[in-house]
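The values are calculated or read from the model by the stated rules, or taken from the named source; none is laboratory data. Values in this document were obtained by computation on a predicted structure and should not be read as measured data. Cβ: placed from backbone, ideal geometry, glycine included. Neighbour counts: every protein chain shown. Calculation scope for accessible area: heavy atoms of the full protein, side chains included, ligands and nucleic acids excluded. Shrake-Rupley method; radii C 1.70, N 1.55, O 1.52, S 1.80 Å.
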Amino acid sequence: MAGEPRQARPPVPAASVFPLLRAFAFDALIAVVLVLGGTIAAAAVWTAWRAMAVAGEVGRDAAAIQAGIGQPGALAQMLFALGATSFAALVLYFWRRRADAAERALAHAALRQRATWGWTVLVGVAVFLGSSLLGWLGEQAGSAPIPTNLALVEEASRQWPVFLFLFAVLLAPAYEELLFRRVFFGRFLAAGRPWLGVLVSSVAFALVHEVPGISANPPLAVVQLWLIYGGMGAAFAWLYWRTGSLWAPFLAHALNNGIALAVHGLA
C-alpha cells in the first residue's frame, strides 16, 4: 500500500507476542551484563595503569597512590563506553541477529536508491528539530533537564574535541544502531511485529540514555528526556523499517549528532 514502510523482506505472519518479548528480554539482559562487565573490566585496567603511573612518581606509599589515582577523565569514560557497548552490540549481532546474504544484498541495494538518502536526511534533521522543540516546550513549562552525559561532553569538547566529534558522529551511532535497531528492533521486524518493536526498542533506548535512579534531574525533566530519546529511537527504527538498510538510521543518527554538536558550539 502506498505510504507504508517498505519491508526488507516479504511480509511474514506476526509471531506470538510473549515469546517475542522473552527473546527481547534475553537480548537485553545479555547486553546489560556485557556492558556492565566490560565497563568494570575497563575501569579496573585504567585503575591499575594509573596506580603504576602514580607509584612511579611517589614510590610505594599506598595512601599517596590511592590519592593520586583520581577519577577517569572524559577520554577514558568515552573509551569505556565505546569498548563495552560496541563489544555487547557485536556479540549480540553475531550470536543472535546476524544478517544473512539476502538481507545484506537488500541493504546495499537500498543505498543505491535516492529515496533512501532523502529519507535519511529528512529523519536526521527532523529528529534534531523535534528534540529542540521538546526542549523549548519543556523550558516554557519550567523544566530544564540536564542530560547525564552533558558534563562529560563539555569536558571532552575542551580537551579532546576531535575525538569527541569522531565518538559522537561516527562511533556511538554505529554501535547504538547495531544494538538498538538491528538486534532489538530487528527481532520484532523479522517476526512481523514492527510497531511493537518500535515501541519496545525506543523505550530501551530512552532508559539507557537517562537511567532511572541515577539521573540527578527531577521527575518531570527525566520524563522530558525520555520523550526526546524515545522519539529519536522511534524515528531511527522507522527509518530502518522504511529503507531496509541499517546504513540509513546510522547516517541519520550521525547527522543529528553532528548538527547538535555544531549548533551547541561543541564541535
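Candidates (1) -1.17; (2) -1.04; (3) -0.95; which is the computed log10 I(q)/I(0) by the Debye sum over Cα atoms at q = 0.14 Å⁻¹?
(2)
Dipole magnitude of the chain about its Cα centre, charges +1 at Lys/Arg Cβ and -1 at Asp/Glu Cβ only, in debye to the nearest 20?
Details: 17 positive and 12 negative charges, 199 e Å.
The calculated dipole for the chain is roughly 960 debye.
Give me the distance in nm between label points sitting 7 Å out from Cα along the Cα-to-Cβ direction at Glu57 and Ser16, one decimal.
6.1
Quickly rank 236-249, 47-60, 65-78 as a protection proxy: mean count of other C-beta atoms within 10 Å, highest first.
On the way: 236-249: 24.9, 47-60: 12.2, 65-78: 15.4.
Sorting 236-249, 47-60, 65-78 by mean packing, highest first, produces 236-249, 65-78, 47-60.
How tilted is helix 114-140 with respect to the longest principal axis of the chain? Cα atoms for both, answer in degrees (0 to 90, nearest 10).
Result, in degrees: 60.
Determine the shape class of the range 222-267: with a ≥ b ≥ c the square roots of the Cα gyration tensor eigenvalues, call it rounded for a/c under 1.5, and otherwise prolate if a/b is greater than b/c, oblate otherwise.
Working: a/c = 4.24, a/b = 1.26, b/c = 3.37.
Taking the square roots of the gyration eigenvalues as a ≥ b ≥ c, the range 222-267 is oblate.
Gain in length, Val91 to Leu170, computed as 0.36 nm per residue apart minus the alpha-carbon separation, to one decimal in nm?
Working: separation 79, 0.36 × 79 = 28.44 nm, distance 1.95 nm.
Extra length available between Val91 and Leu170 comes to 26.5 nm.
State whether the range 182-267 is rounded, prolate or oblate according to the following rule on the C-alpha gyration tensor (a ≥ b ≥ c being the square roots of its eigenvalues): a/c under 1.5 gives rounded; otherwise a/b larger than b/c gives prolate, and the remaining case gives oblate.
On the way: a/c = 2.84, a/b = 1.26, b/c = 2.25.
Oblate.
Based on Cβ point charges of +1 for Lys and Arg and -1 for Asp and Glu, what charge dipole magnitude is obtained for the range 87-234 about its Cα centre, in debye rounded to the nearest 20?
On the way: 11 positive and 8 negative charges, 143 e Å.
Charge dipole of the range 87-234: 680 debye, to the nearest 20.
Sequence gap at least 6, Cα distance under 8 Å: using those rules, report the relative contact order of the chain to the nearest whole percent. Before the final figure, lay out each step's value.
On the way: 293 pairs, mean separation 83.4, N = 267.
In percent, rounded to a whole number, it is 31.
Which value, in Å² rounded to 10, gives the accessible area of Asp100 with a 1.4 Å probe and all protein chains present?
Ignoring ligands and nucleic acids, Asp100 comes out at about 70 Å².
Let me cross-check Val211: its accessible surface, 1.4 Å probe, with only protein heavy atoms counted, in Å² to the nearest 10?
Roughly 60 Å² of Val211 is accessible to a 1.4 Å probe.
For the chain, report the accessible area per residue in Å² (1.4 Å probe, heavy atoms, rounded to an integer).
Details: 14250 Å² over 267 residues.
Normalised by residue count, the accessible surface of the chain is 53 Å².
Going toward the positive end of the dipole of the chain, with +1 on Lys and Arg Cβ and -1 on Asp and Glu Cβ, which of Ala102, Gly37, Val198 do you reach last?
Ala102
For the chain, with all protein chains present and a 1.4 Å probe, just round the carbon and sulfur fraction of the accessible area to a whole percent. Display every interim value, and only then the final one.
Working: 10060 of 14250 Å².
Exposed carbon and sulfur together represent 71 percent of the surface.
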